[in-house]
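Presented below is the structure to which this report refers.
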Amino acid sequence: MSGASDTAAREPLRIEDRGTHVLATLDRPEKRNAIDQDLIDALHVLCARLEAVPQTLVLRGEGGTFAAGADIAQLRERRAADAKAGINTRAFMRINALPMPVIAVLDGYALGGGAELAYAADIRVGTQTLKIGNPETGLGIIAAAGATWRLRELVGEPLAAEILLAGRILDASEALAAGLITHLHDDGEAALATAEKIAGRIAKLDPTATRASKRVLHAPREAHPQVDLDEQAILFESPEKMRRMTEFLERKQAK
């Protein structure tokens, strides 16, 4: 089979169940993993799976790039009705709302829609080649798939303003200093290994408590402290809380 046929037949999102987590690889390296409608559709299918059977998700890109942006050829043809439909926005919101944590491995370019997909993750691990930001205004549009509200929460309003209003692109060290990524590695394999180690650590924790923690973390400020107390009240009655605390006390006594 020819290389062209391979490209045509390849799914835009490659899914692997790694036990402790699901690894999803954006697999359009010939387009630098540009986010097109097929990839958005595949993300919705993945979300449906992880909503039904919650697992931690690790997202990465094939070929040394996370995602260099939205597919400009498709984006150029979209009109007002497409904007109001929130094609990318709703997919990224669904990623962000998954019950278990989402970890993004950011290698190479994470620009425009690719950056907004990265912002939707709970934890981001980067490589030295990372370039992340939102140059949308240079194309006559805004970053409307999450950047205008998530980025301010992630890095603060002054830096978010420069990224969104002046098209500033952060390199790896700047992203680390801003807290946009929490780990920085030399290459994609090392970054993926760290992401999978984090996923393994999450798998050892109580998934019910992890899911509750994510809900509380994502709750608006005005919902606190009531949302914390409501979630804790449920967990205080759980058999898993009793089991884990009893084991902890027994281990402590044994020492």
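The values are calculated or read from the model by the stated rules, or taken from the named source; none is laboratory data. Remember, it's a predicted structure, so these values are computed and weren't measured experimentally. Don't worry about glycine lacking a Cβ; one is built from the backbone with ideal geometry, like all the others, and counts go over all protein chains shown. These area figures cover heavy atoms from the full protein model, side chains too; ligands, DNA and RNA do not enter into them. Shrake-Rupley method; radii C 1.70, N 1.55, O 1.52, S 1.80 Å.
Taking the Cα centre of the chain as origin and assigning +1 to Lys and Arg Cβ atoms and -1 to Asp and Glu Cβ atoms, the resulting dipole is close to 480 debye.
Computed extension gain for VAL53 through GLU237, at 0.36 nm per residue and net of the alpha carbon distance, reaches 63.9 nm. Angle of helix 87-96 to the longest C-alpha principal axis of the chain, folded into 0 to 90 degrees and rounded to 10: 20°.
Label point of GLU247 set 7 angstrom out along Cα-Cβ; within the range 196-210, amide nitrogens under 16 Å from it belong to 200-210. Simple rule: put +1 on each Lys or Arg Cβ and -1 on each Asp or Glu Cβ in the range 51-165, find the dipole, and look at ALA144, GLY108, VAL53; the Cα lying farthest toward the positive end is ALA144.
Close amide H partners of ILE35, meaning residues 5 or more places away or on another chain with modelled amide H under 5 Å apart, are GLY69, ALA70, ASP71. In this calculation the C-beta distance from ARG10 to LEU139 is compared with R0 = 22 Å, giving a FRET efficiency of 0.25. Using a probe of 1.4 angstrom and keeping all protein chains present, the accessible surface of the range 1-103 works out to 48 square angstrom per residue.
Once backbone amide H atoms are built at 1.01 Å from N, LEU13 has ASP27 as its partners under 5 Å, excluding neighbours fewer than 5 places away on the same chain.
Ignoring ligands, DNA and RNA, what percent of the accessible area of the chain is carbon or sulfur (1.4 Å)?
Carbon-and-sulfur percentage of accessible area, whole number: 56.
Residue by residue, the range 242-255 carries 3J(HN,Hα) couplings of 5, 5, 5, 5, 5, 4, 4, 5, 5, 5, 5, 5, 5, 6 Hz when phi is fed to the Karplus relation 6.51 cos²θ - 1.76 cosθ + 1.60 (θ = phi - 60°); x denotes Gly or Pro.
Could you tell me how many degrees, from 0 to 90 and to the nearest 10, lie between the Cα long axis of helix 226-236 and the main elongation axis, the longest principal axis, of the Cα atoms of the chain? Helix 226-236 and the main axis of the chain meet at about 50 degrees. Each other residue within a Cβ distance under 15 Å of PRO158 adds +1 if Lys or Arg and -1 if Asp or Glu, for a net charge of -2. For the chain, the convex hull drawn through the C-alpha positions has a volume of 163 cubic angstrom per residue. In this simple spin-label approximation, ASP38 and ALA193 carry label points 7 Å from Cα along the Cα→Cβ vector, and these lie 3.3 nm apart. Based on alpha carbons, the Rg and Dmax found for the range 124-171 are 10.7, 30 Å. By the gyration tensor of its Cα atoms, with a ≥ b ≥ c the square roots of the eigenvalues, what is the shape of the range 143-245: rounded for a/c under 1.5, prolate for a/b over b/c, or oblate? Note, shape of the range 143-245 comes out oblate.
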